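Below is one structure, written out as structure tokens, with a few remarks after it.
The values are calculated or read from the model by the stated rules, or taken from the named source; none is laboratory data. Quick caveat: nothing in here was measured; it's all calculated off a predicted structure. We place every Cβ from the backbone using ideal geometry, glycine too, and count neighbours over all the protein chains shown. We work out accessible area using only protein heavy atoms, side chains counted, and drop any ligands, DNA or RNA first. Shrake-Rupley method; radii C 1.70, N 1.55, O 1.52, S 1.80 Å.
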Amino acid sequence: MPVIDQYFQHIVATGASDLHLSEGQPPKIRLHGSVQAIADEALQGDTLNHMLSEICEERAYERFLEKGDLDFAYEMDRDSRFRCNYFKQNNGLGAVFRLIPTKIASLDDLGIPKSVERFGDMRSGLVLVTGPTGSGKSTTLAALIDYINQTYSRHIITVEEPIEFVHSNKKSIVTQREVGIHAPTFSDGLRAALREDADIVLVGEMRDLETISLALTAAETGLLVFGTLHTNNARKTVDRLVDVFPSDQQSQVRTMLSASLRGVVAQLLMRKESGGRVAVNEVLVATPAVGAVIREGATQKLYDIISGGREAGMQFMDDAIWAKMVDGTVSAVEAYMKAIDKTRFRSALPPEHAELGNAGGGSEERKR
């Protein structure tokens, strides 16, 4: 048994989400959102080097030592799979491991709004699941792909770095490709998917102009494209997609995006009062009004469209946070810290945390 498996077994047993190993530091885990040490003794370079190399393919480890970064997945046993990120840091080697559930949860299990399921019923267009690192984007996308896999006969191609959730073929054929192993880059994997009789393509990360441009083209030409961005609401997502392009192309991109965008699902994880974490979502569903706003470049109007679009399945992030606070799932302090319009949540703060509200912080959306 690899030496590192003792730490992975601890993660599984405690319900932690991540393991952090850094040379010169004790091993640490993230449990319910907080990082805590699980031993007193700091990891030495030789020990950590042995642990990291033991579970990694030899050529990949040599590439890591040369370049200083590596992503891959490691399966400890049939029920425990980990996303691994190796890096070099100030004191030497480092690594972060995230436990990937082997059972794919449904959208209902995750508490994702029912309107999100409708994106899986679409035949073409672009759907974006967004949020900061560690907000559960991959878990939500896996649930959406699994819904399609169980419901429709499609060819689904995923381009990921690394492959996290492993999908078996149900009604659909699912082809999973890993960047660095099966394709050099996300854009190469997406370009190849256009020639591989795909109906649906999942792009693990849309991080550069070429990948975003290809995703828009694929969505325009009849594929259903799912992608992720590190933005925390619908307006920022649209702005980010357009701003990636040179200014002389942005008008054309807005036109393409207004025609191909089907929806944005922004996601945050909040600490529950009872322990653990819960997802909250902002949902933008593309309507003619949304298309017109994107074409005009007037994305500040999306706030009002979402607020008034409940019948179409839309939901504003602050409304989702407010609902979790009112039903007691999360504390008023947690709600205030994650809210966009903090003014709305200020009056709910308990007296002992009133200083948070006095520190300022109005509506981020309305200030822009």
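Residues to consider are 97, 119, 64; find the one that is touching a residue at least 24 places away in the same chain (Cβ under 8 Å), within 24 Å of residue 3 (Cβ to Cβ) and open to solvent by less than 70 Å² (accessible area, probe 1.4 Å). Full working, then the answer.
Values: 119 fails: within 24 Å of residue 3 (Cβ to Cβ); 64 fails: touching a residue at least 24 places away in the same chain (Cβ under 8 Å).
Result: 97 is the single residue among 97, 119, 64 that is touching a residue at least 24 places away in the same chain (Cβ under 8 Å), within 24 Å of residue 3 (Cβ to Cβ) and open to solvent by less than 70 Å² (accessible area, probe 1.4 Å).
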Next on the checklist: Being surrounded by fewer than 16 Cβ atoms within 10 Å (Cβ to Cβ), out of contact with any helix residue (DSSP H, G or I) (no Cβ under 7 Å at 6 or more places or on another chain) and within 19 Å of residue 291 (Cβ to Cβ) is the filter here; which residues of segment 223-258 pass it?
Outcome noted: 243, 249, 251, 252
Next on the checklist: With the structure loaded, tell me whether residue 55 is touching a helix residue (DSSP H, G or I) at 6+ places or on another chain (Cβ under 9 Å), over 23 Å from residue 164 (Cα atoms) and either β-branched (Val, Ile, Thr) or without any contact (Cβ under 8 Å) to a residue 12 or more places away in the chain (or both) or whether it fails that test.
Outcome noted: no
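Go over the candidates 205, 210, 273 one by one and state the one that is open to solvent by less than 60 Å² (accessible area, probe 1.4 Å) and of a type in the set (Asp, Glu). Explain how you work it out, then say what you get.
Details: 210 fails: open to solvent by less than 60 Å² (accessible area, probe 1.4 Å); 273 fails: open to solvent by less than 60 Å² (accessible area, probe 1.4 Å).
Selected residue: 205, the only one of 205, 210, 273 that is open to solvent by less than 60 Å² (accessible area, probe 1.4 Å) and of a type in the set (Asp, Glu).
Filter segment 1-28 down to residues that are among the charged types (D, E, K, R) and in contact (Cβ under 8 Å) with a residue 40 or more places away in the chain and give me whichever is farthest from residue 80 (Cα to Cα). Steps first, please.
Of all residues in segment 1-28, those among the charged types (D, E, K, R) come to 5, 18, 23, 28.
Then keep just the ones that are in contact (Cβ under 8 Å) with a residue 40 or more places away in the chain; that gives 5, 18, 23.
Numbers: 5: 10, 18: 13, 23: 25 Å.
So the residue we want is 23.
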Checklist entry - Are any residues in segment 200-215 over 16 Å from residue 163 (Cβ atoms) and assigned to a loop (DSSP other than H, G, I, E, B), and if so, which ones? => result 206, 207, 208
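The rows are residues; the columns are (1) touching a Ser or Thr at 6+ places or on another chain (Cβ under 9 Å); (2) part of a loop (DSSP other than H, G, I, E, B); (3) open to solvent by less than 50 Å² (accessible area, probe 1.4 Å); (4) among the β-branched types (Val, Ile, Thr).
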residue	(1), (2), (3), (4)
266	yes, no, yes, no
279	yes, no, yes, no
293	yes, no, yes, yes
302	no, no, yes, no
320	no, no, yes, no
325	yes, no, yes, no
329	yes, yes, yes, yes
334	no, no, yes, no
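Kindly indicate which of 79, 40 is open to solvent by 70 Å² or more (accessible area, probe 1.4 Å), out of contact with any helix residue (DSSP H, G or I) (no Cβ under 7 Å at 6 or more places or on another chain), within 24 Å of residue 162 (Cα to Cα) and not basic (Lys, Arg). Write out each step before concluding.
On the way: 40 fails: within 24 Å of residue 162 (Cα to Cα).
Going through 79, 40 in turn, just one is open to solvent by 70 Å² or more (accessible area, probe 1.4 Å), out of contact with any helix residue (DSSP H, G or I) (no Cβ under 7 Å at 6 or more places or on another chain), within 24 Å of residue 162 (Cα to Cα) and not basic (Lys, Arg): 79.
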